[in-house]
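Report on the structure given below.
The values are calculated or read from the model by the stated rules, or taken from the named source; none is laboratory data. As the structure is a computational prediction, the values presented were derived from the model and not from experiment. Cβ: placed from backbone, ideal geometry, glycine included. Neighbour counts: every protein chain shown. All accessible areas refer to the heavy atoms of the entire protein, side chains included, with ligands and DNA or RNA removed. Shrake-Rupley method; radii C 1.70, N 1.55, O 1.52, S 1.80 Å.
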Amino acid sequence: MAHAKTSYVCLPCRASYKQPYPDGRDRRCPRCAEALVHVGSAFAAPRRHDTAGWRTLSVLLNAGIGFHKSCCGGPGYRPRTPAGVRRRLDRARATGEPTAKALVRPELH
């Protein structure tokens, strides 16, 4: 039986790797040997030259937001630009909403 695959990223190298589902092993980047970050099976990496996309991804991952499939399909809304992140962080500061919750909010009312 084949093992399910999930994505891991190396933020410094801007690289994404599909590997077997987490099994407790320490995963390291084959380029720089830094620890890989588990991002989930519903992840689509930005292009390596997309600096803004990787900066946005870094904010999401540092806030504890992953890209895991849900019962309804994908991971739900995730901002794709620094401006989208900024608007949601501004809302979190203004309303007191937790950062992780504000970052995955599709609408800003």
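It is to be established whether one or more residues within the range 47-67 are at pLDDT below 95, out of contact with any Cys (no Cβ under 9 Å at 6 or more places or on another chain), over 19 Å from LEU103 (Cβ atoms) and crowded, with 16+ Cβ neighbours inside 10 Å.
no
Give me the pairs, please: first residue somewhere in the range 86-109 and open to solvent by less than 50 Å² (accessible area, probe 1.4 Å), second residue anywhere and assigned to a loop (DSSP other than H, G, I, E, B) and among the aliphatic types (A, V, I, L, M), beta-carbon distance under 6 Å, and either six or more positions apart or on two chains.
These pairs meet every condition: ALA100/ALA63; ALA100/ILE65; LEU103/ALA63; LEU103/ILE65.
Open to solvent by 50 Å² or more (accessible area, probe 1.4 Å) and in contact with a Cys (Cβ under 9 Å, 6 or more places away or on another chain): is that true of ARG28 in this structure? Show your work before the answer.
On the way: open to solvent by 50 Å² or more (accessible area, probe 1.4 Å): yes; in contact with a Cys (Cβ under 9 Å, 6 or more places away or on another chain): yes.
It is true that ARG28 is open to solvent by 50 Å² or more (accessible area, probe 1.4 Å) and in contact with a Cys (Cβ under 9 Å, 6 or more places away or on another chain).
When the range 31-60 is examined, which residues are found to be touching a residue at least 40 places away in the same chain (Cβ under 8 Å) and in contact with a Pro (Cβ under 7 Å, 6 or more places away or on another chain)?
TRP54, LEU57
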